[in-house]
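Below: one structure, written as structure tokens.
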Amino acid sequence: MTEPHTTLTELEMHGDFIRRHIGPSEADIEAMLAELGCRSVDDLINQVVPANIISERELEMDPPRSERAASTYLRHMRHRNQVFVSMIGCGYHGTVMPPVIRRNVFENPDWYTASTPYQAE
């Protein structure tokens, strides 16, 4: 039995992307504030954010950049990265362990059992 084919029109978003990613409209914000009993977004923030973590200083931010300027800036920043040799393992080298050592040392239950085997008198 064949699956029904989905048309391209059915797969298109039809404006959902903008509605989901742009954020609420001014009317939506006003409706939410009215529901919460707040006069403004600042009033809402003052009600829900503890006063001891609110800073009155302005954020020190770089001016906005165009997409091309941001791409150039990030490319220059990327070139400042340095690749170092990983020292994790402190000199460990993969080796072949002889079976006799593995069997008699690492697989010996004396290393991982806390009790002594029963000994008959």
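Bear in mind that the values in this text are calculations on the coordinates, not laboratory data. Note that the structure is a prediction, hence the values are computed from the model and not measured. Note that we place each Cβ from the backbone using ideal geometry, even for glycine, and neighbour counts take in every protein chain shown.
With the simple spin-label model, which puts each label point 7 Å out from Cα in the Cβ direction, the A31 to V85 separation comes to 6.4 nm.
What order, most packed first, do the peptides 36-46, 93-103 have when packing is the mean number of other Cβ atoms within 10 Å of each residue?
Details: 36-46: 11.6, 93-103: 8.1.
The densest-packed peptide leads the list: 36-46, 93-103.
Subtract the Cα-Cα distance of Y118 and S71 from 0.36 nm times their separation in residues, and report this length gain in nm to one decimal.
9.7 nm
Principal axis extents of the Cα atoms in the chain, from largest to smallest and rounded to whole angstrom, are 88, 65, 48. The stretch between R20 and M97 holds 21.9 nm of extra length on full extension. This uses 0.36 nm per residue minus the Cα-Cα distance.
I want the local charge near R75. Using Cβ-Cβ distances under 15 Å, sum +1 for each Lys or Arg and -1 for each Asp or Glu among the other residues.
Surrounding charge for R75 is +3.
Panel order for H76, H5, by other beta carbons found within 10 Å of each beta carbon, from fewest to most: H5, H76.
For E60, E107, the sequence from fewest to most other C-beta atoms within 10 Å is E60, E107.
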